[in-house]
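The values are calculated or read from the model by the stated rules, or taken from the named source; none is laboratory data. What you are looking at is a predicted structure, and each value in this text was computed from that prediction instead of being measured. When we count neighbours, we look across all protein chains shown, and the Cβ atoms used for this are built from the backbone with ideal geometry, even at glycine. For accessibility, only protein heavy atoms count, side chains too; no ligands or nucleic acids. Shrake-Rupley method; radii C 1.70, N 1.55, O 1.52, S 1.80 Å.
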Amino acid sequence: MPGWKKDNYWSKFAKSYDEATEYVVGKPLRQAVRARLLQEGGLGRLVEFGCGTGFFTEAIAEKAVHVLATDISSEMLQVAGERLARFHNITLQVADCRKTGYSSRTFDTVLVVNVLQTIDKPSLVLKESSRILRSGGLLLVISYTDYGLSLLEKMIIGIRYFTVFGLPPIGRIRNFSPAEMERLVEREGFEVLQSELIGGKPKAIYLKARSTPAASSGRRFVEGC
Ligand SMILES: C[S@@+](CC[C@H](N)C(=O)[O-])C[C@H]1O[C@@H](n2cnc3c(N)ncnc32)[C@H](O)[C@@H]1O
């Protein structure tokens, strides 16, 4: 597939990703996120960034008119393609979520699950989201986090991660607090509608934000002004 980078960190885990992630964060957390996504509706034309194996894409498939499921790794997309074959409203495409090339104000919803904590310069992903979302469009960000866990619990998760994935893609995995994630999103001009922690230990940040006219026109809020 065009755009496939052989050295993409996640490509080599495409076939083992689901099982490996369940080992690191636990099956109940993935199920809790999926159950929460199933409560969404009216997502219109949706683009998902970093869809991976399509585990969460499957949950929102019937909540959107059309889903453009994207990932930088074509190996991940191959696995997602097998999982999502029965859906006729899903298109899979290789895309870099920091610079997609999609037209401005094209989508009603951007979904980003477990990408911001693993990527260099996550603000670029949010800038791109605000550019391609229509004004008033929905940004749905979900990120696993060890926020609120004891040091020992954090260490156990870190060791589990290292056992199945080795060193993280950018030298570390960011563990956002809800407040940090809210600030990151607001800095790109989004209005946070909802921000919650779901699951047990660890948890996931589940954040919904709306693209404002300032965000979609490219104007940004400047701190201190
Ligand atoms: C931690 S996995 C999460 C996969 C899936 N969203 C999930 O939660 O099960 C991160 C995914 O983001 C993809 N990814 C990393 N950098 C990306 C980029 N710049 N553009 C698009 N996808 C990217 C990886 O290939 C991988 O599939």
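Exactly one of (1) within 30 Å of Glu153 (Cα to Cα); (2) in contact with a Ser or Thr (Cβ under 6 Å, 6 or more places away or on another chain); (3) open to solvent by less than 10 Å² (accessible area, probe 1.4 Å) is unmet by Asp18. Its number? Of everything listed in (1) within 30 Å of Glu153 (Cα to Cα); (2) in contact with a Ser or Thr (Cβ under 6 Å, 6 or more places away or on another chain); (3) open to solvent by less than 10 Å² (accessible area, probe 1.4 Å), Asp18 misses just condition (3). Determine whether segment 39-48 contains at least one residue that is out of contact with any Phe, Trp or Tyr (no Cβ under 8 Å at 6 or more places or on another chain), within 23 Å of Asn89 (Cβ to Cβ) and open to solvent by less than 20 Å² (accessible area, probe 1.4 Å). Scanning segment 39-48, I find at least one residue that is out of contact with any Phe, Trp or Tyr (no Cβ under 8 Å at 6 or more places or on another chain), within 23 Å of Asn89 (Cβ to Cβ) and open to solvent by less than 20 Å² (accessible area, probe 1.4 Å), so the answer is yes.
On the given criteria, is Gly50 within 10 Å of the ligand (Cβ to nearest atom) and at pLDDT 95 or above? Taking the combined requirement at face value, the residue satisfies it. Summed over segment 154-176, residues that are under 19 Å from Lys203 (Cβ atoms), exposed (fewer than 15 other Cβ atoms within 10 Å of the Cβ) and hydroxyl-bearing (Ser, Thr, Tyr) total 0.
Say we look at segment 107-125 and pick out the residues that are crowded, with 18+ Cβ neighbours inside 10 Å and either of a type outside the set (Val, Ile, Thr) or part of a helix (DSSP H, G or I) (or both); which of these is nearest to the ligand (Cβ to nearest atom)? It would help to see each step written out before you state the result.
The initial filter retains those residues of segment 107-125 that are crowded, with 18+ Cβ neighbours inside 10 Å, namely 107-119, 122, 125.
Narrowing the set further to residues that are either of a type outside the set (Val, Ile, Thr) or part of a helix (DSSP H, G or I) (or both) leaves 107-108, 111, 114, 116-117, 122, 125.
On the way: Phe107: 15, Asp108: 19, Leu111: 9, Asn114: 3, Leu116: 10, Gln117: 8, Pro122: 10, Val125: 7 Å.
This residue is Asn114.
Which residue, of Ser195, Ser211, is without any contact (Cβ under 8 Å) to a residue 40 or more places away in the chain and crowded, with 16+ Cβ neighbours inside 10 Å? Show your work before the answer.
On the way: Ser211 fails: without any contact (Cβ under 8 Å) to a residue 40 or more places away in the chain.
When all the criteria are applied, what remains is Ser195.
Can you confirm whether Arg105 is touching a Lys or Arg at 6+ places or on another chain (Cβ under 6 Å), basic (Lys, Arg) and modelled with pLDDT of 95 or more? Yes, satisfied.
Just give me the residues in segment 22-36 being without any contact (Cβ under 8 Å) to a residue 60 or more places away in the chain and within 14 Å of the ligand (Cβ to nearest atom), in sequence order. If you could, list the steps in order and put the result at the bottom.
Of the residues in segment 22-36, the ones without any contact (Cβ under 8 Å) to a residue 60 or more places away in the chain are 22, 27, 30-31, 34-35.
Answer for segment 22-36, where residues must be without any contact (Cβ under 8 Å) to a residue 60 or more places away in the chain and within 14 Å of the ligand (Cβ to nearest atom): Glu22, Lys27, Arg30, Gln31, Arg34.
Pairing residues of segment 126-144 that are on the phi > 0 side of the Ramachandran plot and assigned to a strand (DSSP E or B) with residues that are away from the ligand (no atom under 13 Å from the Cβ) and open to solvent by less than 10 Å² (accessible area, probe 1.4 Å), at Cβ distances under 8 Å and at least 6 apart in sequence or on separate chains, gives Gly136/Ser211. Please verify whether Phe190 is more than 16 Å from the ligand (Cβ to nearest atom) and either among the small types (Gly, Ala, Ser) or within 28 Å of Ala61 (Cα to Cα) (or both), treating the condition exactly as stated. Yes, satisfied.
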